[in-house]
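*Asks:* First the structure, then my questions, so here it is.
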Amino acid sequence: MSGNVQSVERAASVLTVLAGAHRSMDLAEIASAVGLPKTTVHGLLATMRGVGWVEQDRPSAGYRVARRLSGLATSLDPADLRSAATPWMDRLALDTGLEVHLARRDRDVARLVQHVYRPDNTAQRLRVGEALPLHATALGKVLLAETTGAEPTADQLETFTRFTVTDHGVLDEELAGVRAEGHAVETGEYYPDLHGLAVPVRGSVGECLAALAVVGRRDEVLERGRAASKPLAALVRAAGYVSRSIVGLA
Amino acid sequence: MSVGPHSRRLVASIDQGTGSTRCLLFDAAGRLVSLAQREHAHRYPRPGWSEHDASEIWSNVRRVVPQALSDAGATPDDVVALGIANQRESCVVWERRTGRPLSPVITWEDTRASGVIEQIVAAGHTEAVLAATGIPPASYFAAGRLRWLLDTVPDLERRALRGEVAFGTMETWLIWNLTGGEHLTDVTNASRTNLMNLDSLRWDSDMLDVFDIPEETLPEIRATADAYGTCAEVLPGVPITAALGDQQAALFGQTCFDVGQSKCTFGTGAFFLMNVGQTPVPSRHGLLATVGYALPGEPPVFALEGSIAVAGSLVQWVRDNVGLVDTAPRIETLARTVSDNGGCYVVPAFSGLYAPRWDAQARGVIVGLTAYVTSGHLARSVLEATAWQTAEVVEAVEQVSGQRPASLRVDGGMTTNHLLMQNVADVLDLPVERPLFSETVSVGAAYAAGLSAGVWPDLDALRRLWRRAASWQPEMDSATRDRERAHWAHAVDRARGWLDHDPAPGRDEQARGLTG
């Protein structure tokens, strides 16, 4: 009995990794992402291909989640995502007093899908459509940690401020922390005065569809260098509502 | 946000809409605390007829209000005031003694009173009705429906003359039931009946004669934010302190309290209202003079209203009837696959052209087609149709009122469409702003109720609750705007008078079916 449960868990983790990818993945990549031997993963993939959960364009090509099963991350339309997310983003802005961003992975950048102003009626500019660096924003770090795409090479880790992480080793360590804690923190790495928190917005099989962030001053989002508990709790709650609103849209 | 049980001061609003009845609770900071809603049945028993069941709507109120309270962990004791916003012009009659409905709710979409209106127009009353009520005689307004009921429902007129029958728009029906028999309406709803004198804000005796309405059936008219009695049911002990029509509620919720401030709600259709101050601007070019709101002891504030029949419904039409997109929001994604309309224009005159052109013979056209045009161009032209129709209404309002709004406050489902909102800013050459919370109808009812109950001291306090969530600045150069305006006008010319060319029987019904 326990063996059956374990294989379901393993199959689910393979599916989650595949669903979060914006491209097909080969056996070695999948095995490394889920931390299992290649032989085990090969068996799981063969079974899932047999029941139609996983597809290959041709034998020996990479694997991806069957389109009919999910593929939410790739098939979810940004306009649908924005339409479903906006009421919850408005409420998050009102609850926290902070600017709210929603972004999706677009190859090697985080693309802003929706932007709700900081609710203080100061002059602000709508930034929808803007590309944000994956390694220097909270949104980007969530997307980097939780989705697969063109990974930035060492020379692409552009320096924006003296806080920008430009070392791959340090970045990988931080991304492991994001996966472990479920949120990412931005402390002046893109703009020196901007600080933020971001969490993943997940789809029906746990894949990361988008990232949701609150952005503000240091003292508004951080407590002793870590995510402040109140805005983080509001952010996690809002991301949950957004997930529930979009699951089933695609 | 731990709010102690003793410090809660919640304001409730009920939005009795065409599709559903909703209850929202707000705290004193104007924040939404909970929302519950329930849809009701919509019946179309004959072509042109549109009905709800008044008892079902009341029973939905009895469900959604307790649901909203329980979701918020609140009791009626936590609620300091209730405000009601409602679908306008829809109405019902009931028996005073029992509260039993004597008719279905005949909705604003229903055209069965056309015959009544034709007689009034034929008798030469049009100018008198317009002068007294600010609006022309039309089957869209409630008086014609009441006359139709009196003519049709057996024994109704005799009983009405004996004072046994109460008539009301939806807020009147709900206030009657909530309070256990107060028969009251508000001035914004009354301004949509064809019976209220726009200067005195009272029932006009000449209009009662023109429509042959027994005054005994009519509710008493109150200010928008006023004492409507205390709830005996649903929220026992809670005072009802505001009532207003839904579009006026949106104007209030957008805090358009200054002359020239304007809002446009982009839903199935689109409704533009501008605050024109303390003197009504007469209805012209299909624009309607209406009461914006009235506070007790203060002069009423008037609005000029322009409606666009087909806005979001054009997107629904290309989704459902054409299959251009799978979901309504995806029209933007499709439109963004191209950089302009490729010369293609859509004029959605599904049931004629409305303000400011008024041509019942017009029908929709898609023009400018070449082999170059793709589905992306078509999607762009669908969105541009809403922008141009808005521009034409705003320009007509400018002409009639002499006021050009400084910006446009928008709400409704289509405001998450950035391409459309940018296009609206571009063709209006005005900044467009979306507030943080787009449920402006419910917000407006709550603001008016809370103002009346002293939760908020004055209009300034409400102004400060308005928060900008997004804004779009005009970016189109004037040469492009002028060229596109000329193309749009040319396309509209092609739509005009279509029925004159082909009066085939059944075509009118088909076209009506598209919008129904």
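*Asks:* Would you confirm whether or not the stretch A:47-62 contains a residue that is under 24 Å from residue A:143 (Cβ atoms), in contact with a Ser or Thr (Cβ under 7 Å, 6 or more places away or on another chain) and of a type outside the set (A, V, I, L, M, F, W, C)?
*Replies:* Within the stretch A:47-62, one or more residues are under 24 Å from residue A:143 (Cβ atoms), in contact with a Ser or Thr (Cβ under 7 Å, 6 or more places away or on another chain) and of a type outside the set (A, V, I, L, M, F, W, C).
*Asks:* Going by what's in this entry, would residue A:139 be described as modelled with pLDDT of 95 or more, more than 9 Å from every other protein chain (Cβ to nearest Cβ) and not in a strand (DSSP E or B)?
*Replies:* For residue A:139, the condition - modelled with pLDDT of 95 or more, more than 9 Å from every other protein chain (Cβ to nearest Cβ) and not in a strand (DSSP E or B) - is met.
*Asks:* Given the structure, is residue B:428 more than 14 Å from every other protein chain (Cβ to nearest Cβ) and either closer than 23 Å to residue A:114 by Cα or surrounded by 22 or more Cβ atoms within 10 Å (Cβ to Cβ) (or both)?
*Replies:* yes
*Asks:* What's the number of the condition residue B:85 fails, among (1) surrounded by fewer than 24 Cβ atoms within 10 Å (Cβ to Cβ); (2) among the small types (Gly, Ala, Ser); (3) touching a Gly at 6+ places or on another chain (Cβ under 8 Å)?
*Replies:* All conditions are met except number (1).
*Asks:* Within the bounds of the stretch A:145-163, is there any residue that is among the hydrophobic types (A, V, I, L, M, F, W, C) and buried (at least 22 other Cβ atoms within 10 Å of the Cβ)?
*Replies:* yes
*Asks:* Select from the stretch B:11-28 the residues that are of a type outside the set (Asp, Glu) and in a strand (DSSP E or B) and list them in ascending order.
*Replies:* Residues satisfying the conditions are B:11, B:12, B:13, B:14, B:16, B:20, B:21, B:22, B:23, B:24, B:25, B:26.
*Asks:* I've got another one for you. Any chance you could count how many residues in the stretch B:41-54 are more than 18 Å from the chain's Cα centre (by Cα) and not in a strand (DSSP E or B)?
*Replies:* Total satisfying the criteria: 9.
*Asks:* Whether any residue in the stretch A:116-128 is assigned by TED's automatic domain parsing to the domain that holds residue A:148, acidic (Asp, Glu) and surrounded by 23 or more Cβ atoms within 10 Å (Cβ to Cβ) is what I want to check.
*Replies:* Within the stretch A:116-128, not a single residue is assigned by TED's automatic domain parsing to the domain that holds residue A:148, acidic (Asp, Glu) and surrounded by 23 or more Cβ atoms within 10 Å (Cβ to Cβ).
*Asks:* Ok, one more. Which pairs do you get when a residue that is under 21 Å from residue B:31 (Cα atoms) and facing chain B (nearest Cβ under 7 Å), found in the stretch A:76-88, comes within reach of a residue that is outside any helix (DSSP H, G or I) and at pLDDT 90 or above, reach meaning Cβ atoms under 7 angstrom, with the pair 6+ apart or on two chains?
*Replies:* These pairs meet every condition: A:83/B:329; A:86/A:114.
*Asks:* For the condition in contact with a Lys or Arg (Cβ under 8 Å, 6 or more places away or on another chain), of a type outside the set (A, V, I, L, M) and surrounded by fewer than 17 Cβ atoms within 10 Å (Cβ to Cβ), what is the one hit in A:193, A:172, A:219, A:167?
*Replies:* A:193
*Asks:* Here's a follow-up. From B:290, B:255, which residue is crowded, with 20+ Cβ neighbours inside 10 Å, part of a loop (DSSP other than H, G, I, E, B), modelled with pLDDT of 90 or more and under 19 Å from the mean Cα position of the chain (by Cα)?
*Replies:* B:255
*Asks:* With the condition kept exactly as written, say whether any residue in the stretch B:91-104 is in contact with a helix residue (DSSP H, G or I) (Cβ under 6 Å, 6 or more places away or on another chain), aliphatic (A, V, I, L, M) and modelled with pLDDT of 95 or more.
*Replies:* Yes, the stretch B:91-104 has at least one match.
The values are calculated or read from the model by the stated rules, or taken from the named source; none is laboratory data. Just so it is clear, the structure is predicted and the values come from calculations on it, not from any experiment. Reconstructed Cβ throughout: ideal geometry from the backbone, glycine too, with neighbour counts over all protein chains shown.
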